[in-house]
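Each remark here refers to the structure printed beneath this line.
The values are calculated or read from the model by the stated rules, or taken from the named source; none is laboratory data. All values reported here derive from a predicted model rather than from experimental measurement. A quick note on method: Cβ atoms are made from the backbone with ideal geometry, for glycine too, and the neighbour counts reach across all protein chains shown.
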Amino acid sequence: MRGLRKYLTPFAPDQSGAVSVLYEFGGIIVICDAGGCTGNICGFDEPRWFESKSALFSAGLRDMDAILGRDDRLVAKLADAVTKLDAKFAAIIGTPVPAVIGTDYHALKRMTEKKVDLPILTVDTDGMELYDKGEEKAWKELFLVFAGEKEDVILGRIGILGMTPQDISDLRAADRIREHFAAEGKTAVCFGMGNGLDDVKSVSNVEKNIVVSPAALEAAKYLERTYGTPYETGYPLVDELVYDMDYHGKKVLIVQQQVIGSAIREEIQKKAKDAKVTVASWFMIKPELCSDTDLHLRDEEDYIRLVENMEYDVIYADPCMKRMTPEFDGIFVDTIHFAVSGHLAEMR
Amino acid sequence: MRQEAYFCTVKELDELGKNNIPRQLISHTHLIYSSPATLAFNSPGAEGFGVKRAGLAVPDSVMLIVSPGCCGRNTSVLSSMRAYQDRFYYLLMDETDIVTGRHLKKIPKAVAEICEGLKKKPSVVMICITCVDALLGTDMERVCHKAEEYAGVPVRPCYMYALTREGRKPPMVHVRQSVYSLLEPKKKKGNVVNLLGYFSPLTDDCELYDLLHGAGVKTIHEISRCKDYAQYQTMSEANFNLVLHPEARFAAEDFHDRLKIPYIELRRLYQIDKIASQYRAFAAALGVEFEDEIPRKAAEEAVEKFREIHPDAVFAVGEWMNGDPFELALALVHYGFRVSEIYGTLSGENFVYVKQLAKISPDTKVFSNLEPTMLYYDKSQSGVNMTIGKDAGYYHKECSNVLWNEERQPYGYAGVRRLFEALAEV
């Protein structure tokens, strides 16, 4: 049945993706919910929340706020908080409650700007889409609001777009990417993981952007259109993810976000040109990154049928998916995807 | 900008009165700060029992969560616990469902498909719905009836409406009603009692069991100790219910209306003299006398022993633990300790403890975990060297901490004894 889940818990929703993008930029983040969505984001989908203090809030909506559409109360609460907290901006993140009552985020943004002397970002997530949709919206909004005037390009300065724990599933990956580029005499700017708002403002000075997640592709295109910054897709640490074996003549299925999945495929095909590799994803599939065999998975049945019918030799997927196909007798390579299981790679 | 967490002393609060509590200490007047100290507020299921876990208190039950994906996301934490494996299922809603309500038509089929895939037919399928259906005005009782007819198993609603958490019937009150709603009328037995309020049992050494047995009670039921559905059904044989948590009041009233079982309410207290007077009143209502000297003495000795080890203990008491932080703080001050800080949510019910604290510990500071300025909480001037509660432990990481949020519920003298034993050990 469409939408019925018997094995997997729901994946990270769009609101978690939006928070994941904005988390490290020093703003007040307000989840427009009654509390439960904030609990889900903080207690489960944002692993950095346990490591350091952050200005993350729930709007604390109550039934009458929703029924009467009392946006003015939210604005008043936010205006009050801004007088007590040091923040560089305020972001309002949508959830199912404002989606049901049809909250007008443009109006909410304008109302808030009149009362609050900070840049205001609104992300119209609804809790029904997946994390990458929320990330895509948040990346675009972030660069739209904060990217500054065109600066001179600094050679060797590389922007990494799309780094979030949801996509990379590893809190230390950004450090390793910086080391990776430092070894080549370059500087990697990992937006959202270690590099802050000042680097967003001077985003035009990077030589090129490397997009590590399909959710950041639209932002990369925007930066190319606006500043002429070229971009490419790929994952600089892909060699960490590829299992060392003989892939000649093997049928391989990779279930990941599209950029990492494609990067793993590329590595495998470097080792064995005759390997038949399919990239599948529960999340967005961008046509421009797509190969003919790539697939979008929607329901559990899609994945179960795929594995049962296609006789793969190797599956790269999050370990929580193993139990869906107990009959599979090939090699299952644990490729953790935080947005799927809520586990980080370093927790293995 | 002063980067300082807002607080009030209990003396100031007492002077203001319960009708003038500062709005910084009233959660619905400000943004809710989200830190690990507030996780249990925003997401009760993340620690202990939230609606999802509580809804599965009926033995052999399963749950279908019908909601946008975001509402079920953190359930994998529960699913990884052995007792909850293969008991949670999801029917994910999309925008079209919200506009057309078509998800409601899918529920009977989804329930049937789940039951077909299980080796053993579940005793009940709980349908958990969320804020979205609250706003849509879904008649879930009717949907459950339909599903029940279609799938041939009992189906009950479970309302995870976070929007109503400060209303007359919050989700944790509602779910207590739901889990007892399957009980069918049975012939009463004079020597059977139900303990209502918690989703896990009292500690085995709690004197309440002995006191009840001493008063002629033979069988004491708790839903968490029911091994199967048949045993759960024997709860309707009870002569009376003991309500140990105020959130079970509505469920107890349901028992009274539907099954003609009356109830008596007792509070969880940490002041030994108040525990004794509560037991005396309870015994008088039953027309008996309780022999409670031994457990009382054990509790007093535990307090004394702790005092010998830590005569200079200065406490911070949090709210994410098994107790009312204001009552526990009052008990600690009565026992001769200092309580420097309390992190709690004030209400009319616990303001009575503030009044008493104001007389004997006027400088005790009261913070709200949920207030935005808690981002700047500074422990350096507190003088605290011991903490009770997960939230208090979060603010004072270097101090000895007793989480006091174990699933086995502490109660009565045994609760006091166990608390001070735990404090003596850290």
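Could you pull out the residue among B:188, B:146 that is more than 14 Å from every other protein chain (Cβ to nearest Cβ), in a loop (DSSP other than H, G, I, E, B) and farther than 30 Å from residue B:294 by Cα? So that I can check it myself, show each step before the final result.
Numbers: B:146 fails: in a loop (DSSP other than H, G, I, E, B).
Just a single option satisfies the conditions, and that option is B:188.
Which residues, taken from the stretch A:53-84, are part of a loop (DSSP other than H, G, I, E, B) and closer than 20 Å to residue A:142 by Cβ?
Matches in the stretch A:53-84: A:54, A:55.
Scan the stretch A:260-277 for residues that are surrounded by 19 or more Cβ atoms within 10 Å (Cβ to Cβ) and in contact with a Leu (Cβ under 9 Å, 6 or more places away or on another chain) and jot them down. A:260, A:262, A:263, A:264, A:277, listed by residue number.
Scanning the stretch B:333-363 for residues that are farther than 15 Å from residue B:312 by Cα, hydrophobic (A, V, I, L, M, F, W, C) and out of contact with any Lys or Arg (no Cβ under 6 Å at 6 or more places or on another chain) yields B:342, B:346, B:352, B:354, B:357, B:360. If you go through the stretch B:105-132 and keep only what is among the polar types (S, T, N, Q) and within 12 Å of chain A (Cβ to nearest Cβ), you end up with just B:130.
Please verify whether residue A:188 is more than 16 Å from the chain's Cα centre (by Cα), surrounded by 23 or more Cβ atoms within 10 Å (Cβ to Cβ) and either on the phi < 0 side of the Ramachandran plot or assigned to a loop (DSSP other than H, G, I, E, B) (or both), treating the condition exactly as stated. Can you show your working first?
Details: more than 16 Å from the chain's Cα centre (by Cα): yes; surrounded by 23 or more Cβ atoms within 10 Å (Cβ to Cβ): yes; either on the phi < 0 side of the Ramachandran plot or assigned to a loop (DSSP other than H, G, I, E, B) (or both): yes.
So residue A:188 fits the description; yes.
For the stretch A:45-57, the candidate set comprises residues that are more than 7 Å from every other protein chain (Cβ to nearest Cβ) and farther than 22 Å from residue A:83 by Cβ; within that set, the residue that is nearest to the chain's Cα centre (by Cα) is A:46.
Kindly establish whether residue B:51 is under 29 Å from the mean Cα position of the chain (by Cα), crowded, with 24+ Cβ neighbours inside 10 Å and more than 8 Å from every other protein chain (Cβ to nearest Cβ). It is true that residue B:51 is under 29 Å from the mean Cα position of the chain (by Cα), crowded, with 24+ Cβ neighbours inside 10 Å and more than 8 Å from every other protein chain (Cβ to nearest Cβ). Restricting attention to the stretch A:28-39, does a residue exist that is of a type in the set (Asp, Glu), under 21 Å from residue B:97 (Cα atoms) and touching a residue at least 24 places away in the same chain (Cβ under 8 Å)? Yes, the stretch A:28-39 has at least one match. How about the stretch A:167-185: which of its residues are in contact (Cβ under 8 Å) with a residue 40 or more places away in the chain and either under 20 Å from residue A:147 (Cα atoms) or crowded, with 19+ Cβ neighbours inside 10 Å (or both)? Of everything in the stretch A:167-185, those that are in contact (Cβ under 8 Å) with a residue 40 or more places away in the chain and either under 20 Å from residue A:147 (Cα atoms) or crowded, with 19+ Cβ neighbours inside 10 Å (or both) turn out to be A:167, A:168, A:169, A:170, A:173, A:177, A:181. Report yes if residue B:73 is surrounded by fewer than 18 Cβ atoms within 10 Å (Cβ to Cβ), modelled with pLDDT of 90 or more and within 13 Å of chain A (Cβ to nearest Cβ), otherwise no. Taking the combined requirement at face value, the residue does not satisfy it. Counting only residues that are in a loop (DSSP other than H, G, I, E, B), in contact with a strand residue (DSSP E or B) (Cβ under 6 Å, 6 or more places away or on another chain) and either in the same structural domain as residue A:317 (by TED's automatic domain parsing) or buried (at least 16 other Cβ atoms within 10 Å of the Cβ) (or both), the stretch A:191-211 holds 1 of them.
For residue A:6, the conditions (1) touching a residue at least 40 places away in the same chain (Cβ under 8 Å); (2) within 20 Å of residue A:116 (Cβ to Cβ); (3) more than 20 Å from the chain's Cα centre (by Cα) all hold with the exception of (2). One residue is enough: does the stretch B:194-216 have a residue meeting the conditions under 30 Å from residue B:292 (Cα atoms), touching a residue at least 24 places away in the same chain (Cβ under 8 Å) and of a type in the set (Val, Ile, Thr)? Checked against the condition, which is being under 30 Å from residue B:292 (Cα atoms), touching a residue at least 24 places away in the same chain (Cβ under 8 Å) and of a type in the set (Val, Ile, Thr), the stretch B:194-216 yields at least one hit. Residue A:100 meets all of the listed conditions (1) within 7 Å of another protein chain (Cβ to nearest Cβ); (2) in contact with a Ser or Thr (Cβ under 9 Å, 6 or more places away or on another chain) but one, namely (2).
Quick grid of which residues meet (1) among the aromatic types (Phe, Trp, Tyr); (2) farther than 24 Å from residue A:9 by Cα; (3) more than 14 Å from chain B (Cβ to nearest Cβ):
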| position | (1), (2), (3) |
| --- | --- |
| A:259 | no, no, yes |
| A:264 | no, yes, yes |
| A:270 | no, yes, yes |
| A:282 | yes, no, no |
| A:301 | no, no, no |
| A:304 | no, no, no |
| A:321 | no, no, no |
| A:325 | no, no, yes |
| A:335 | no, no, yes |
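For residue A:88, the conditions (1) outside any helix (DSSP H, G or I); (2) facing chain B (nearest Cβ under 8 Å); (3) of a type in the set (Lys, Arg) all hold with the exception of (2).
May I ask you to list the residues in the stretch B:200-241 that are small (Gly, Ala, Ser) and either over 22 Å from residue B:180 (Cα atoms) or in a helix (DSSP H, G or I) (or both)?
Looking only at the stretch B:200-241, we keep the residues that are small (Gly, Ala, Ser), and these are B:200, B:214-216, B:224, B:230, B:236, B:238.
Result: B:214, B:215, B:216, B:224, B:230, B:236.
Yes or no, residue by residue, for (1) buried (at least 20 other Cβ atoms within 10 Å of the Cβ); (2) farther than 30 Å from residue A:299 by Cβ; (3) at pLDDT below 95; (4) more than 8 Å from chain B (Cβ to nearest Cβ):
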position: A:16; (1), (2), (3), (4): yes, no, no, no
position: A:40; (1), (2), (3), (4): yes, no, yes, no
position: A:43; (1), (2), (3), (4): yes, no, yes, no
position: A:59; (1), (2), (3), (4): yes, yes, no, no
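Those residues that are more than 9 Å from every other protein chain (Cβ to nearest Cβ) and assigned to a helix (DSSP H, G or I), I need them from the stretch B:149-170; list them, please. Across the stretch B:149-170, the qualifying residues are B:149, B:150, B:151.
Looking at the stretch B:80-98, which of the residues that are within 7 Å of another protein chain (Cβ to nearest Cβ) and surrounded by fewer than 17 Cβ atoms within 10 Å (Cβ to Cβ) is nearest to residue A:339 (Cα to Cα)? Give the steps one after another, and end with the answer.
First, the residues of the stretch B:80-98 that are within 7 Å of another protein chain (Cβ to nearest Cβ): B:89-95, B:98.
Now drop any that are not surrounded by fewer than 17 Cβ atoms within 10 Å (Cβ to Cβ), which leaves B:94-95.
Values: B:94: 18, B:95: 21 Å.
Ranking the candidates gives B:94 first.
Each residue in the stretch B:92-112 was checked for being more than 15 Å from residue B:131 (Cα to Cα) and not in a helix (DSSP H, G or I), and 1 pass.
Just to be sure before I move on: is residue B:135 assigned to a loop (DSSP other than H, G, I, E, B) and either buried (at least 23 other Cβ atoms within 10 Å of the Cβ) or within 13 Å of chain A (Cβ to nearest Cβ) (or both) in the structure I sent?
Details: assigned to a loop (DSSP other than H, G, I, E, B): no; either buried (at least 23 other Cβ atoms within 10 Å of the Cβ) or within 13 Å of chain A (Cβ to nearest Cβ) (or both): yes.
Spelling it out, it is not the case that residue B:135 is assigned to a loop (DSSP other than H, G, I, E, B) and either buried (at least 23 other Cβ atoms within 10 Å of the Cβ) or within 13 Å of chain A (Cβ to nearest Cβ) (or both).
From the list A:124, A:167, A:63, the lone residue that is of a type in the set (Asp, Glu), more than 17 Å from residue A:30 (Cβ to Cβ) and not assigned by TED's automatic domain parsing to the domain that holds residue A:188 is A:63. When the stretch A:64-74 is filtered for residues that are over 24 Å from residue B:101 (Cα atoms) and either surrounded by 21 or more Cβ atoms within 10 Å (Cβ to Cβ) or away from chain B (no Cβ under 11 Å) (or both), the ones remaining, listed by number, are A:70, A:71, A:72, A:74. Being touching a Phe, Trp or Tyr at 6+ places or on another chain (Cβ under 6 Å), surrounded by fewer than 21 Cβ atoms within 10 Å (Cβ to Cβ), more than 11 Å from chain A (Cβ to nearest Cβ) and not charged (D, E, K, R) holds for only one residue in B:59, B:22, and it is B:59.
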